[in-house]
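Student: The structure is given below, and queries will be raised subsequently.
The values are calculated or read from the model by the stated rules, or taken from the named source; none is laboratory data. These numbers come from a predicted model, not from an experiment. All Cβ positions, glycine included, derive from the backbone under ideal geometry; neighbour counts span all protein chains shown.
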Amino acid sequence: MRTFMILFLLALLAGFCRPAYADNNCWAGADYTSAAKEDSHVVIGTGGAISSFLPARFCQAAVTNNSASTVWAMVFDSATLPANGTKPKLEWNVATNTTNGEFGYGMQMNTGVVIACSSTEASLTVTVASSCFFHVTVAH
């Protein structure tokens with residue numbers, strides 16, 4: 001019983017000692033950074049899980065747009081790049097020759113995590129020329 005109480009108190013203390021942003025489920029994760037310009041990337045395509053039993057969580061992304069026009073960065077709950085016309089789970093615009101980011105605050109992704117640059121707002125139209133760099137953080 002004494003061992004149980006000690007373990008219980010340690011577990012309780014560990015819960016109070018987590019980083020402040022841990023409630024967003026973004027305290028233990030993985031980063032992806034583009035090595036070259038691309039229009040989309042499957043960040044997680046294995047059933048939406050980083051480990052075998054925890055769903056992936058989208059934490060944040062920054063997108064650099066090197067094209068001659070504004071693009072829309074889009075995040076999808078998918079294991080592969082969705083078809084054009086698919087609505088994203090999250091989107092934001094990125095002006096020409098700028099970097100813009102967005103926070104997902106631990107948004108649960110059950111299928112996978114895909115990021116893409118679209119030439120249209122509200123639904124995916126994958127840009128035809130590789131023009132974006134991605135930096136994405138996901139967690140479990």
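Student: At pLDDT 80 or above and surrounded by 19 or more Cβ atoms within 10 Å (Cβ to Cβ): does that describe Val71?
Tutor: So Val71 fits the description; yes.
Student: Assess whether Asn25 counts as being surrounded by fewer than 18 Cβ atoms within 10 Å (Cβ to Cβ), at pLDDT 60 or above and among the polar types (S, T, N, Q).
Tutor: No; evaluated as a whole, the condition is false for this residue.
Student: So, one more: Restricting to strands (runs of 3 or more DSSP E) lying wholly in segment 63-140: which have 3 or more residues that are of a type in the set (S, T, N, Q), in contact with a strand residue (DSSP E or B) (Cβ under 9 Å, 6 or more places away or on another chain) and farther than 30 Å from Trp27 by Cα?
Tutor: none
Student: Just checking, which of Thr111, Thr86 is hydroxyl-bearing (Ser, Thr, Tyr) and touching an Asp or Glu at 6+ places or on another chain (Cβ under 7 Å)?
Tutor: Thr111
Student: Go through (1) surrounded by fewer than 22 Cβ atoms within 10 Å (Cβ to Cβ); (2) assigned to a loop (DSSP other than H, G, I, E, B) and name the single condition His41 misses.
Tutor: (2)
Student: Can you pull out every residue in segment 98-134 that is crowded, with 16+ Cβ neighbours inside 10 Å, modelled with pLDDT of 95 or more and of a type in the set (A, V, I, L, M, F, W, C)?
Tutor: Val114, Ile115, Ala116, Cys117, Leu124, Val126, Cys132, Phe133, Phe134
Student: Go through Ala36, Ala49, Ala56, Ala83 for me and flag whichever is over 11 Å from the mean Cα position of the chain (by Cα) and modelled with pLDDT under 95.
Tutor: Step by step, each of Ala36, Ala49, Ala56, Ala83 is checked, and only Ala49 is over 11 Å from the mean Cα position of the chain (by Cα) and modelled with pLDDT under 95.
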